[in-house]
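Below: the structure, in structure tokens.
Bear in mind that the values in this text are calculations on the coordinates, not laboratory data. Computed from a prediction, not measured in an experiment: that's the story for all the values here. Neighbour counts are summed over all protein chains in view; Cβ atoms, including those assigned to glycine, are modelled from backbone coordinates with ideal geometry.
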Amino acid sequence: MKNILLTITLLASLNSFGQVIESFKKKTSANAKERTLILDILRASLYQDYKQEFIFVVNTLNVSSQHAWFEGTAVRKDRREVVADDYDDCCHVEGLLKRNYGKWYIVALEAFSTDVWYDGIWDIYNVPRALFN
């Protein structure tokens with residue numbers, strides 16, 4: 001019985017280890033470098049698809065040790081109107097990123113989608129659901 005309780009305690013502590021989630025919605029001196037890296041990766045990906053330079057109004061940027069979840073609004077860097085396809089729902093962007101060997105990579109990203117494409121993404125990629133709150 002003692003071994004079972006010890007095992008349960010160990011598993012519970014391992015499950016909670018690394019689950020600290022921080023909000024990088026606001027830029028601070030502590031998160032500026034990491035936040036900028038994440039947003040730059042998103043900007044580069046959107047540039048490939050839309051050939052426009054974007055900045056973001058960040059609604060959500062939650063970061064854990066392994067993942068980041070972004071929700072925001074894309075605005076053209078030159079402040080002109082965003083040029084999007086007729087079927088696009090401008091200008092929201094959502095994306096899931098993963099940190100691998102100290103670098104951030106996009107796992108899933110959608111810009112100007114017309115539906116809630118990310119519903120259930122936490123199960124698909126085994127990411128803590130709290131990251132999306």
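Structure values in brief
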read-out	value
Charge tally in the Cβ shell below 10 Å around TRP117, where Lys, Arg are +1 and Asp, Glu are -1, TRP117 excluded	-4
Helix axis angle, 2-16 relative to the chain longest principal axis, alpha carbon, degrees	10 degrees
Separation in nanometres of the label points that stand 7 Å from Cα toward Cβ, at ASN133 and ASP49	2.8 nm
Pairs of alpha carbons in the chain whose separation is greater than 28 Å (percent)	25 percent
Additional length obtainable on full extension of the chain from ILE106 to SER23, 0.36 nm per residue less Cα span	28.1 nm
Cut-off 17 Å (backbone N to label point 7 Å along Cα→Cβ of LYS98), residues of the range 62-85	63-70
Note, ³J(HN,Hα) from phi for the range 115-128, Karplus 6.51, -1.76, 1.60, rounded to Hz, x at Gly and Pro	9, 8, 5, 8, 4, x, 4, 4, 6, 4, 9, 6, 10, x
Set of lysines near LYS77 by C-alpha distance (under 24 Å), chain-local residues within fewer than 8 positions excluded	LYS25, LYS26, LYS27, LYS33, LYS51
